[in-house]
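Peer 1: Quick one: structure below, then a few questions.
The values are calculated or read from the model by the stated rules, or taken from the named source; none is laboratory data. It should be emphasised that the depicted structure is a prediction, and the values quoted were computed from it without experimental measurement. As a convention, Cβ positions derive from the backbone with ideal geometry for all residues, glycine included, and neighbour counts pool all protein chains shown. Just so you know, the surface numbers come from the protein's heavy atoms only, side chains and all, with ligands and any DNA or RNA stripped out. Shrake-Rupley method; radii C 1.70, N 1.55, O 1.52, S 1.80 Å.
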Amino acid sequence: MSDAMSSIFGRLGWDALPFWSMLHDHSPMTLINGVIATGAAGMVVLGALAAIVLVSWLGKWKYLWSEWLTSPDHKKIGIMFIVIALVMLARAIIEAVFMRAQQAVGLDGGFLTAEHFGELFTTHGTIMVFFMAMPFLTGIINYVMPLQIGARDLSFPVLNQVSLGLTAAGAALVMISLVLAPFSTGGWTGYPPFTELSYNPGAGVDYWIWAVTLSTLSSTLTGINFAVTIFKKRAPGMKLFRMPLFTWTALCTAILMIFGMPPLTVATGLLALDRYLDFHMFTTDLGGNMMNYVNLFWAFGHPEVYILILPPFGIFSEVFATFSGKRIYGYKILVIATMCIAVLSFTVWLHHFFTMGQSAHINAAFGIATMLIGIPTGVKVYDWMLTMYRGRIRLSVPMVYAIGFIMLFVLGGMTGIILATPSVDYQIHNSLFLVAHFHNMLIPGLLFGMLSATNFWFPKAFGFRLEERWGYRAAFCWIIGFMLAFFPLYVLGLMGMPRRSVAYFEPQYLPWTIMAGIGALVILCALLCLLLQLWVSIRDRHANNVFVGDPLGWPDAGMVGLLTAAGIQLPGAARDLQH
Amino acid sequence: MTGQGKHSLQRNRLYPLFASLILLSGCRADMPGFMNPQGPIAQAQRHHFWVIIALVMIVVIPVIIQTPLILWRYRYRGHAVYRPKWDMSRWLDIIMWAVPILIVAILGVYIWRQTHELDPYRPIAGDQPPLEVQVVGYDWKWLFIYPEQGIATLGQLVVPVDRPISFELTSATVLQSFFIPALGSQIDVMNRMVTRLHLEADHPGRFEGKNMQYNGEGFHRQRFVTRAVDDDAFNDFVQRTREQGQPLDRDAYAIIAQKGDNRDVARELGLNTDDTDAVIRFSTVPDGLFHTIMAGSPIDWSAMTITPPQQGTTRTSVIGGPSDNDTAPSSDHPSSSHDRKEAQP
């Protein structure tokens, strides 16, 4: 009997339940952390149950299955990708609020255990990169790109379904890890030898390996699909240099996905071999070398940064042009700059580990290569400003995100140049300065871009507009919350506070961690505003219907902007819509 | 951290932004980290930090100032000029590319030079020969071995002021990063590899030292105090350690190799654990301990012969598995084997 049980459940025991330790150990820390973990697990279970009950109550199982889950339509797959991204975004923001709350009271202690904090920063990072950012941009490109080039669907619709399934499976694994704990504590980078069997024998790292492997496979396939579609399925007359800028950035991102994702699939695969089959790729003994993992990881990791940021660049190019009522400034220059960034992104990975003991020649060369990326990026920023120059600017919700992006992103660029300076990086590497920098790139860059795109193209997808008042509130909460939460982290990093510390002992840190905690609460408000915006928009969808009383049928301001950007002449009636 | 108010005030005048930062934080000259540098490396790093900001500001400031101006001037209901088809200007393009290229060119030369100048592997020139310190990272503590003095400490690193310190570092467990912010650079420490670091303290004082790379639940407690003292006090420290410390024998080493922080070690060794900054002193150390740990061989507690460290030609010397047997510094131990060493948790 026990053999049968162990062959079914393996290492899985009752202690995997988040409330198990709480039942045996009644110390306050265990109780607090047990309650938090159990609450999170409860939300997963209740959320899943609520979804099942809702679909059954509406009698929509057949509709859901045949119209959505098995649909090869790129528009529906794109929307499903975005739904995954939004669910995961909500979870990862809540985790971030817990981490900031812990550090706000973390002088000499706090309320979270080190173990719990380790799981929080690992899941937060893993989710935000692999299960929020990647599905979000994949979803947007999936929806918009074929429409922009006049294709009926992607080249490989079934492959697209497979990609969605792989991402969904990975996201599900991360969610299940809340119920059957624990997750890895090795951070989103999962550096061995800490993640090797000898130091981490539990199931946490295995969750991480499989979730990330599924996600990277999904993204590689998606990249192939996008690139082939753009090269082969453009409508007649849609020459490469007539493509809208968003499609150009989608193309660059797709190429980066094809070459950037496999190194991580390989790295996590080799780590899995180490753990399951006693290989010694990254172990400390028997010839293993963890430096190989670090190189492989960042051979993925740096292109990944540009996979995440190029689609938002394309989105903002559309948004600036549309809401300035004007052609994009320097279309060709922007295309060239995007291509420069994509190529250069493969030449800088070493700047993620300047402190690992390479020679000064190597560090300096990679530092300079990193700064070269600043040139085309700077040109793009000025191109967007010149797009607004002599325009007629409407501060719509997508435009508010774009303005927040352009002003905050240059600050992140500046701190990026600082981090790319090897001599200074020796001081601020692994500190909260680094954390502040990449959030400075990913929140105003990636997330604002995605939210801007959602507001911009939502009417195209659903036939009604997103409500504006809650949209503005969300945008301003995001901008203010970001500044409050992350500017203090720059100061903390300069004061030498390591990232990933559950507690600290320097009283000088306290005012800044409290300020960052307040910022996290404002970001939580932003999340609530987003949900309310969605709710109010759906409630009032008939009032906001874009079909009502319009003889043209589809007043597609977004598409007008895109076509204008590509230099395609438009009939007068459509042109008027943007002014 | 120290009472270097006068120096800090002078520096504040040079760096107004820094002044405003610390005024905001309300902690004036006691701001930890390299913004209040206590050694030449940290001082140079702070200088470079502000030089880079000043150069990059040439590109950043126009964006931050002009974006709101453009938004206002070309607002929808304004009456500014409207040119919907204007999308190219050769002169603006030339400026847009030329300015960043020029800045990156200047930065490139600057970075090339300062990266070499501040390379952690580069010895610091000084009147006195550098003090050799060997650092071993454990979960979650640092062991400091003074090979010339034949002593070791835990929880406190004591160094003489105005004398370069030459570190050799390795890890007995996972990847860690050794860092004393007030003095200068951090460097990664890895099992089976040696990294190097050179620092110097300008002023006497107590500075925080830490691990920057997450290595488990005791990570945030992996701290130590760096005490920079004058030469007499340093000699006094060495003398006291030899007299009062206990030998770093097999039992003591087993305690260090367990998971736990400085206080756990002190408790297990039967020392007073009330003072978290307390130094744990070891009067004698087995010869070649550092390189034996690094190579992952069993430590020979009886051998007192000095095994000269052999280092590979690469800067991060890797001592690998069985195939590298002849290069391992401990190969003269007859018992040398490549099983996981007993120190491994």
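Peer 1: Does the stretch A:330-351 contain any residue that is open to solvent by less than 10 Å² (accessible area, probe 1.4 Å) and at the interface with chain B (Cβ under 8 Å from one of its Cβ atoms)?
Peer 2: Yes, that holds for at least one residue.
Peer 1: So which strands (runs of 3 or more DSSP E) stay within the stretch B:163-210 end to end and still have 2 or more residues that are open to solvent by 10 Å² or more (accessible area, probe 1.4 Å) and either assigned by TED's automatic domain parsing to the domain that holds B:Ala228 or charged (D, E, K, R) (or both)?
Peer 2: Filter on the stretch B:163-210 gives B:193-199.
Peer 1: Out of all the residues in the stretch A:258-293, which are open to solvent by 10 Å² or more (accessible area, probe 1.4 Å), hydroxyl-bearing (Ser, Thr, Tyr) and modelled with pLDDT of 95 or more?
Peer 2: Once the filter is applied, which keeps residues that are open to solvent by 10 Å² or more (accessible area, probe 1.4 Å), hydroxyl-bearing (Ser, Thr, Tyr) and modelled with pLDDT of 95 or more, the stretch A:258-293 yields only A:Thr265.
Peer 1: Looking only at residues that are touching an Asp or Glu at 6+ places or on another chain (Cβ under 9 Å) and either facing chain B (nearest Cβ under 7 Å) or at positive phi (or both) in the stretch A:385-423, which one is surrounded by the most Cβ atoms within 10 Å (Cβ to Cβ)?
Peer 2: Checked the stretch A:385-423; the qualifying residue surrounded by the most Cβ atoms within 10 Å (Cβ to Cβ) is A:Pro422.
Peer 1: So, one more: Looking at this structure, is A:Asn430 within 7 Å of chain B (Cβ to nearest Cβ), at positive phi and of a type outside the set (Gly, Ala, Ser)?
Peer 2: Numbers: within 7 Å of chain B (Cβ to nearest Cβ): yes; at positive phi: yes; of a type outside the set (Gly, Ala, Ser): yes.
For A:Asn430, the condition - within 7 Å of chain B (Cβ to nearest Cβ), at positive phi and of a type outside the set (Gly, Ala, Ser) - is met.
Peer 1: On to the next question. Residue by residue through the stretch A:165-219, note down the ones that are assigned to a loop (DSSP other than H, G, I, E, B), of a type in the set (Gly, Ala, Ser) and within 16 Å of A:Ala92 (Cβ to Cβ). Give the derivation first.
Peer 2: At the first step, the residues of the stretch A:165-219 found to be assigned to a loop (DSSP other than H, G, I, E, B) are A:180-203.
Keeping just the survivors that are of a type in the set (Gly, Ala, Ser) gives A:181, A:184, A:186-187, A:190, A:198, A:202-203.
If the condition is that a residue be assigned to a loop (DSSP other than H, G, I, E, B), of a type in the set (Gly, Ala, Ser) and within 16 Å of A:Ala92 (Cβ to Cβ), then A:Ser184, A:Gly187 are the ones that fit.
Matching residues to (1) at pLDDT below 95; (2) out of contact with any strand residue (DSSP E or B) (no Cβ under 8 Å at 6 or more places or on another chain); (3) among the acidic types (Asp, Glu):
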residue: A:Pro507; (1), (2), (3): yes, no, no
residue: A:Leu524; (1), (2), (3): no, yes, no
residue: A:Val560; (1), (2), (3): yes, yes, no
residue: A:Gln569; (1), (2), (3): yes, yes, no
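Peer 1: Please tell me if A:Ile36 is of a type outside the set (Gly, Ala, Ser), surrounded by fewer than 20 Cβ atoms within 10 Å (Cβ to Cβ) and touching a residue at least 40 places away in the same chain (Cβ under 8 Å). Spell out the reasoning first.
Peer 2: On the way: of a type outside the set (Gly, Ala, Ser): yes; surrounded by fewer than 20 Cβ atoms within 10 Å (Cβ to Cβ): yes; touching a residue at least 40 places away in the same chain (Cβ under 8 Å): yes.
It is true that A:Ile36 is of a type outside the set (Gly, Ala, Ser), surrounded by fewer than 20 Cβ atoms within 10 Å (Cβ to Cβ) and touching a residue at least 40 places away in the same chain (Cβ under 8 Å).
Peer 1: Within the stretch A:69-89, which residues are open to solvent by 50 Å² or more (accessible area, probe 1.4 Å), within 19 Å of A:Ala172 (Cα to Cα) and assigned to a helix (DSSP H, G or I)?
Peer 2: Matches in the stretch A:69-89: A:Leu69, A:Val83, A:Leu86, A:Val87.
Peer 1: Kindly evaluate B:Gln134 against the criterion of being crowded, with 22+ Cβ neighbours inside 10 Å and within 23 Å of A:Ile373 (Cα to Cα).
Peer 2: Criteria not met by B:Gln134.
Peer 1: Looking only at the stretch A:50-68, count every residue that is part of a helix (DSSP H, G or I) and open to solvent by less than 90 Å² (accessible area, probe 1.4 Å) and tell me the total.
Peer 2: First, the residues of the stretch A:50-68 that are part of a helix (DSSP H, G or I): A:50-58, A:61-68.
So of that shortlist, the ones also open to solvent by less than 90 Å² (accessible area, probe 1.4 Å) come out as A:50-52, A:55-56, A:64, A:66-68.
The total comes to 9.
Peer 1: For a quick check of your reading of the model, give me the residue pairs whose first member lies in the stretch B:143-156 and is open to solvent by 10 Å² or more (accessible area, probe 1.4 Å), whose second is among the acidic types (Asp, Glu), with beta-carbon atoms closer than 6 Å and at least 6 apart or on different chains.
Peer 2: Here the result reads B:Pro147/B:Glu132; B:Glu148/B:Glu132, each pair linking the stretch B:143-156 to a residue that is among the acidic types (Asp, Glu).
Peer 1: Filtering the stretch A:16-31 down to residues that are open to solvent by less than 70 Å² (accessible area, probe 1.4 Å) and outside any loop (DSSP other than H, G, I, E, B), which residue is farthest from A:Pro182 (Cα to Cα)?
Peer 2: By that ranking, first place goes to A:Leu31.
Residue by residue, here is whether (1) small (Gly, Ala, Ser); (2) open to solvent by less than 40 Å² (accessible area, probe 1.4 Å); (3) in contact with a Pro (Cβ under 7 Å, 6 or more places away or on another chain); (4) more than 27 Å from B:Gly216 (Cβ to Cβ) holds:
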site: A:Phe183; (1), (2), (3), (4): no, yes, no, no
site: A:Leu245; (1), (2), (3), (4): no, yes, no, yes
site: A:Thr253; (1), (2), (3), (4): no, yes, yes, yes
site: A:Leu256; (1), (2), (3), (4): no, yes, yes, yes
